[in-house]
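Okay, structure first, notes after.
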Amino acid sequence: MKKLIALFLLSTIICFVGCDKKSDSVSSDTETTTETTTISETEEAVSEFEYSVRSGEVIITKYTGNSSSVVIPEEIEGMPVVSIARWTLEDSGIEDLTLPETMTELPVLKGTDEIKKITLPSGVSDVTDFLRGFRNLEEVDIHNSDTYKSVDGVLFPKDGTHLICYPAAKKGAQYAIPEGTVVIDYGAFRGQSK
């Protein structure tokens with residue numbers, strides 16, 4: 001047993017001496033670099049949301065950040081964000097909300113009184129009921145949609161033939177309906193006090 005311990009100690013000493021000699025052979029002008037790990041903007045943004053996962057898809061359940069302008073991420077943990085729970089935005093302080101392109105159906109939300117601008121995903125198929133809950137909305141925006149377009153913050157179908165949603169709190173005393181509009185949808189001016 002004593003021979004084993006002595007052998008172990010001897011091999012440990014040889015290892016340390018050998019390792020030490022290797023470090024001496026490195027030139028003194030070699031720079032030492034330190035890697036700093038930072039949280040990416042995406043990871044930081046994701047940390048501001050509580051969410052649940054169902055069948056490999058993410059549903060946002062609460063916004064915990066404090067920004068007034070929020071972009072909901074398209075994916076969390078490699079899974080697509082497909083929906084928002086009904087009360088997610090209540091008391092959130094969000095005034096400008098951008099929904100991810102991964103959302104194709106929009107739920108009817110509650111607690112959206114603070115939101116003034118919303119950017120919709122291009123693949124959304126029906127926005128009528130969704131937009132009616134935003135009482136202080138001033139602007140609706142949508143890009144590259146095959147179904148809808150936004151003209152000065154007002155929502156129309158892609159062909160512009162009817163006015164779908166005039167935001168409830170849009171500023172301006174007068175509004176000139178664009179040429180080519182032949183129908184104003186029922187409830188398109190809902191919430192207007194003028």
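See the values below:
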item	result
Sole exception among (1) open to solvent by 30 Å² or more (accessible area, probe 1.4 Å); (2) in contact with a Ser or Thr (Cβ under 8 Å, 6 or more places away or on another chain); (3) modelled with pLDDT under 90 for residue 172, by number	(2)
Contacts under 6 angstrom Cβ, first residue in the stretch 125-138 being small (Gly, Ala, Ser), partner open to solvent by less than 30 Å² (accessible area, probe 1.4 Å) and assigned to a loop (DSSP other than H, G, I, E, B), 6 or more apart	133/109; 133/112
Test: residue 157 is surrounded by 12 or more Cβ atoms within 10 Å (Cβ to Cβ) and in contact with a Phe, Trp or Tyr (Cβ under 9 Å, 6 or more places away or on another chain)	yes
Every residue from the stretch 51-101 that is over 18 Å from residue 131 (Cα atoms), open to solvent by 40 Å² or more (accessible area, probe 1.4 Å), under 14 Å from the mean Cα position of the chain (by Cα) and among the β-branched types (Val, Ile, Thr)	61, 64
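The values are calculated or read from the model by the stated rules, or taken from the named source; none is laboratory data. On a predicted model such as this, the values are computed, not experimentally measured, just so you know. Methodologically, a virtual Cβ is constructed for each residue, glycine included, from the backbone with ideal geometry; neighbour enumeration extends over all protein chains shown. Quick note on the areas: whole protein, heavy atoms, side chains included, nothing else; ligands and nucleic acids left out. Shrake-Rupley method; radii C 1.70, N 1.55, O 1.52, S 1.80 Å.
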